[in-house]
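**Student:** Dropping a structure here in structure tokens format, bear with me for questions.
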Amino acid sequence: MIKPRLLLSIISVFIFASCGHKQADVMHSANGGKKYGGRYTLNEIRGNPSSLDPVRMNSKVEDDIGTNIFDKLVENNSKLELVPELARSWKISPDGKTYTFHLRTDVFFHDDSCFASGKGRKMTASDVKYSLQRVCDPRTLTSGYWVFQDIVDGANDYFEKIGKVAMPNGVTGFQVIDDSTFAVQLTKPFAPFLEHLTTSFGYIIPHEAIERYGKDFFQHPVGTGAFRFSYWTPDQEILLTRNPNYWEYDSSGNRLPLLEEVKFTLIKDDKTLLQSFLQGNEDEDFTIPTESFQQIVTPEKQLTTQYTKYTLQHVSAMNSYFMEFLCTSKNFSNMALRRAMSFAVDRESIVKFVLKNAPHSVAEHGIIPPAFIRYPIEEVHGIAYNPDSAKHWLEVAGFPAGRGAPEITLSVYNEPRPMQIAEAVQRMWQNIGLKVNLQVMQSAQLLDGSEDDKLDLWLTRWYADYPEPENFLNLLNGRLVPKDQTSKSYPNSARWNDETFNSLFYQAIATTDEAKRMELYAKAENIAAYEAPSIPLFYEEHYRLLQSFVRDNPLDPMNRIDLKYVWLDK
């Protein structure tokens, strides 16, 4: 819901927000020594989400908010283990192609005016089919078709034909058995399928909300999650309030969530955010400014003396920073040029001098980070800094010492850390004779531009959607690249397509033996490491500062923002 323009509406929102804040400040005792109440404030430094419609969520900021509004069939817990959510149990057929989910029968959608009575109705298997089917419907402008493409029976047919011919059965692989039983039929075994359902594209919504809000649903989300959407003031804040009818209880018997409100602020400068945290206006700071890092965190990853009043959390992250080339462009269809530019990047200098040793490690391998502990990362041989090799491959590309090379534009989103990295890389490429310009964009613009074939080269990062290496390698899955160049390409924005890689990748995802699957992933990634459709830079370490009174908010390698268990010891 965008901020109202009419004066009366503005006054109403102000009064509501003010009263809500007073209510949130009231704390109540809960079982197990915990407390109900309070407002938890955290920041999304990447700014406004593009959409809060699950089928169009394609960034971390959107998923951070969505996790608290919506539920899925299955979820990852704080240890990144698969656990039931809306499905109380599931069964996989012996051939690995049929998944049968037994749903909870005590789940209700949020109270909302989209329902005739204003009261949220019970969720059923029909809602699951409706929600997942929207992900396969191009009319929704879906970004998530890839989670079911070539995997679920009938998904491809539905995507290609819906709106052109009658399809009364929808996606045939999504099957409503009865109100509390839902089945999915796959075209072939797909080992990470349950993990695909833990993405934002697995969120369950009611059809009434789409019918009521239409194209505006993206800014008025309705789900079954622990918190209800309250309002969204662009460039300022998003407020969620406690769902009093949430189905889950904690181990002490408390009905979740414990917090009364969650406020997402949209401060875009990490230094401003740190000051806001230190002044007590934010309950966490996930983005410690690079220039302040050594002042706050010791080499042993402890807090320095003046900051010991806070809590520091850190963990090796399922998050990699890299640059991507548009491999179908005139400039970067040239593999030799991509390799030359990759050899010219001194990753160690970026980590040590630009980022003050905050990352976990230099990306010496591929884009899959070492946080995947069962992945044989040492078997992947990436491109290391080597100026002589950079000059050699530049000559192979047809541009000796940079002569005749095209002018290069590196697109980067307007945040301090990416800007610092981009400026360092710009200098490194200029050292081998390449002229490089920086194009500064908002993160939403950069995402759209990379998917729409409008950018040649961009700096990005990938947070794992789920704890399986396939999620990273899918960024390079050539079979997901649309045949129509004008169509969006997501998640393979680089539009790189190598059939040997594709073959190994698809062989891996059909392999249920985990050790063999990891081995096949590594073989596939070695092909990508050589052809350089992307330039891995470093593997991230997550750091988070918390106010001393924050409880039960663990930091996991995916930095999942699931606030239903959090409480404030005030």
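**Student:** Once both labels are modelled 7 Å past Cα along the beta-carbon direction, what's the THR98-ASN437 spacing in nm?
**Tutor:** With each label point 7 Å from Cα toward Cβ, the separation is 5.9 nm.
**Student:** Then there is this: I want to verify the translational diffusion coefficient of the range 168-236 in µm²/s; compute it with Stokes-Einstein, Rh as the Kirkwood radius over Cα pairs, at 25 °C and 0.890 mPa s.
**Tutor:** Details: Rh = 15.1 Å.
D, rounded to a whole number, is 162 µm²/s.
**Student:** Another question, if that's okay. What number comes out for accessible area per residue over the chain if the probe is 1.4 Å? Units Å², please. Working shown, then result.
**Tutor:** Numbers: 22900 Å² over 570 residues.
With all protein chains present, the chain gives 40 Å² per residue.
**Student:** Let me know the Rg and Dmax you get for the range 73-174 when you use only its Cα atoms, in Å.
**Tutor:** 15.7, 45
**Student:** Once you have all Cα-Cα distances for the range 38-100, histogram them in 10 Å bins from zero and send the whole-percent values.
**Tutor:** Percent of pairs per bin, in order: 17, 36, 33, 11, 3.
**Student:** Looking at the chain only, what percent of DSSP beta bridges run antiparallel? Nearest 5 please. Please report the intermediate quantities before stating the final value.
**Tutor:** Details: 58 of 72 bridges.
Of the beta bridges lying entirely in the chain, close to 80 percent run antiparallel.
**Student:** What Kirkwood hydrodynamic radius do you get for the range 143-260 when you take the inverse of the mean 1/r over all pairs of distinct Cα atoms, in Å? Please report the intermediate quantities before stating the final value.
**Tutor:** Details: mean 1/r = 0.0577 Å⁻¹.
The answer is 17.3 Å.
**Student:** Computed over the Cα atoms of the chain, what is the ratio Rg over Rh, Rh following Kirkwood?
**Tutor:** Details: Rg = 23.9 Å, Rh = 24.9 Å.
We get a ratio of 0.96 for the chain.
**Student:** Next question, about the same structure. For the range 362-513, just say rounded, prolate or oblate: build the C-alpha gyration tensor, square-root its eigenvalues into a ≥ b ≥ c, call rounded for a/c under 1.5, and beyond that prolate if a/b exceeds b/c, oblate if not.
**Tutor:** Note, shape of the range 362-513 comes out prolate.
**Student:** Now a separate question. For the range 205-282, what is one quarter of the convex hull surface built on the Cα atoms, given in nm²?
**Tutor:** Working: hull surface 28.2 nm².
About 7.1 nm², averaged over all directions.
**Student:** Do any trypsin sites (Lys or Arg not before Pro) in the range 398-444 lie in a loop, going by DSSP, with at most 11 other beta-carbon atoms within 10 Å of their beta carbon, and if so which?
**Tutor:** Values: sites: ARG403, ARG427, LYS435; in loops: ARG403, LYS435.
Hits after loop and neighbour filter: ARG403.
**Student:** Exceeding 30 Å between C-alpha atoms, which entries from my cross-link table qualify? They are LYS122/LYS215; LYS391/LYS488; LYS129/LYS564; LYS268/LYS309. Intermediate results must be reported in sequence, preceding the final value.
**Tutor:** On the way: LYS122/LYS215 24 Å; LYS391/LYS488 34 Å; LYS129/LYS564 26 Å; LYS268/LYS309 25 Å.
Over 30 Å Cα-Cα: LYS391/LYS488.
**Student:** Out of the range 84-190, which chymotrypsin sites (Phe, Trp or Tyr not before Pro) are coil in DSSP terms and have no more than 13 other C-beta atoms within 10 Å? Please list the in-between numbers first.
**Tutor:** Numbers: sites: TRP90, TYR99, PHE101, PHE108, PHE109, PHE115, TYR130, TYR145, TRP146, PHE148, TYR158, PHE159, PHE174, PHE182, PHE190; in loops: PHE109, PHE115, PHE148, PHE190.
Passing sites in the range 84-190 do not exist.
**Student:** Please state, to two decimals, what the Cα-based radius of gyration of the range 285-342 comes to when divided by 2.2 N^0.38 Å (N = residues).
**Tutor:** Values: Rg = 19.2 Å, N = 58, 2.2 N^0.38 = 10.3 Å.
Relative to the rule-of-thumb radius for its length, the range 285-342 sits at 1.87.
**Student:** Here is a further query. How long are the semi-axes of the equivalent ellipsoid of the range 454-564, defined as square roots of 5 times the Cα gyration tensor eigenvalues? Whole Å, largest first.
**Tutor:** Details: eigenvalues 184, 74, 36 Å².
Those come to 30, 19, 13 Å.
**Student:** Between LYS352 and GLU211, what FRET efficiency comes out of the Förster formula 1/(1 + (r/R0)^6) with R0 = 35 Å and r the beta carbon distance, rounded to 0.05?
**Tutor:** Values: r = 55 Å, r/R0 = 1.58.
It comes out at approximately 0.05.
**Student:** In addition: Let me see the pair-distance distribution of the range 227-340: every alpha carbon pair, 5 Å bin width, integer percents in order.
**Tutor:** 2, 8, 12, 12, 12, 13, 13, 11, 8, 5, 3, 1, 0
**Student:** Apply the Kirkwood formula to the range 319-419: the hydrodynamic radius equals the inverse of the mean of 1/r over all pairs of different alpha-carbon atoms; give it in Å with one decimal.
**Tutor:** Working: mean 1/r = 0.0657 Å⁻¹.
For the range 319-419, the Kirkwood estimate is 15.2 Å.
**Student:** Ok, one more. Using 0.36 nm times the number of residues separating THR304 and ASP157, minus their current alpha carbon distance, what extension gain do you get? Walk me through the numbers before you get to the answer.
**Tutor:** Values: separation 147, 0.36 × 147 = 52.92 nm, distance 5.83 nm.
Taking 0.36 nm per residue and subtracting the Cα distance, the gain is 47.1 nm.
**Student:** Also, quick follow-up: Going 7 Å from the Cα of HIS392 along its beta-carbon direction, which residues of the range 398-442 have the amide nitrogen within less than 20 Å of the resulting point?
**Tutor:** The answer is 398-403, 429, 431-434.
**Student:** Roughly what would the spin-label model give for SER503 and VAL165, points 7 Å off Cα along C-beta, in nm?
**Tutor:** Placing both labels 7 Å along Cα→Cβ, they lie 3.2 nm apart.
**Student:** Can you tell me the Rg and Dmax of the range 120-183, counting just the alpha carbons, in angstroms?
**Tutor:** That works out to 11.8, 35 Å for Rg and Dmax.
**Student:** What does the C-alpha gyration tensor say about the overall shape of the range 392-450? Classify as rounded when a/c is under 1.5, otherwise prolate if a/b is larger than b/c, or oblate.
**Tutor:** Numbers: a/c = 3.33, a/b = 2.02, b/c = 1.65.
It is prolate, given that a/c is not under 1.5 and a/b is the larger ratio.
**Student:** Using label points projected 7 Å from each Cα along Cα→Cβ, tell me how many nm separate MET419 and ASN245, to one decimal.
**Tutor:** Between MET419 and ASN245, the simple spin-label model gives 4.6 nm.
**Student:** Starting from the Cα gyration tensor of the range 354-397, take the square roots of the eigenvalues, sort them a ≥ b ≥ c, and report rounded, prolate or oblate (rounded when a/c is under 1.5, otherwise prolate if a/b is larger than b/c, else oblate).
**Tutor:** Working: a/c = 3.93, a/b = 1.60, b/c = 2.45.
Oblate, since a/c reaches 1.5 and b/c is not below a/b.
**Student:** Hey, another quick one. Using the Cα centre of the chain as the reference point, and only Cβ charges (+1 on K/R, -1 on D/E), how large is the resulting charge dipole? Debye, rounded to the nearest 20. Show your work: numbers first, answer last.
**Tutor:** On the way: 60 positive and 73 negative charges, 152 e Å.
Dipole about the Cα centre, nearest 20: 740 debye.
**Student:** Once the range 68-128 is represented by equal point scatterers at the alpha-carbon sites, with solvent omitted, what log10 I(q)/I(0) does the Debye formula produce at q = 0.15, 0.24, 0.30 Å⁻¹?
**Tutor:** -0.57, -1.06, -1.26
**Student:** In the chain, which whole DSSP H runs stretch at least 24 Å along their own axis (Cα) and average 1.0 or higher on the Kyte-Doolittle scale? Before the final figure, lay out the partial values.
**Tutor:** On the way: long enough: 7-25 (27 Å, 1.06); 514-531 (26 Å, -0.73).
Going by DSSP H runs, the hits are 7-25.
**Student:** Grab the beta carbon distance between LYS516 and LYS188, set R0 = 22 Å, and tell me the FRET efficiency rounded to 0.05.
**Tutor:** 0.85
**Student:** For the range 303-352 and the range 122-155, compute the distance between their C-alpha centroids and round to whole Å.
**Tutor:** The range 303-352 and the range 122-155 have Cα centres spaced 33 Å from each other.
**Student:** Here's a follow-up. Can you give me the Cα centroid spacing of the range 500-570 and the range 179-245 in angstrom?
**Tutor:** 22 Å
**Student:** Tell me the trypsin sites (Lys or Arg not before Pro) within the range 137-204 that lie in a loop according to DSSP and have at most 11 other beta-carbon atoms within 10 Å. Write out the running numbers ahead of the final one.
**Tutor:** On the way: sites: ARG139, LYS161, LYS164; in loops: LYS164.
Answer by residue number: LYS164.
The values are calculated or read from the model by the stated rules, or taken from the named source; none is laboratory data. Everything quoted here is computed from the prediction, not taken from an experiment. Reconstructed Cβ throughout: ideal geometry from the backbone, glycine too, with neighbour counts over all protein chains shown. Note: areas computed on protein heavy atoms with side chains; ligands, DNA, RNA excluded. Shrake-Rupley method; radii C 1.70, N 1.55, O 1.52, S 1.80 Å.
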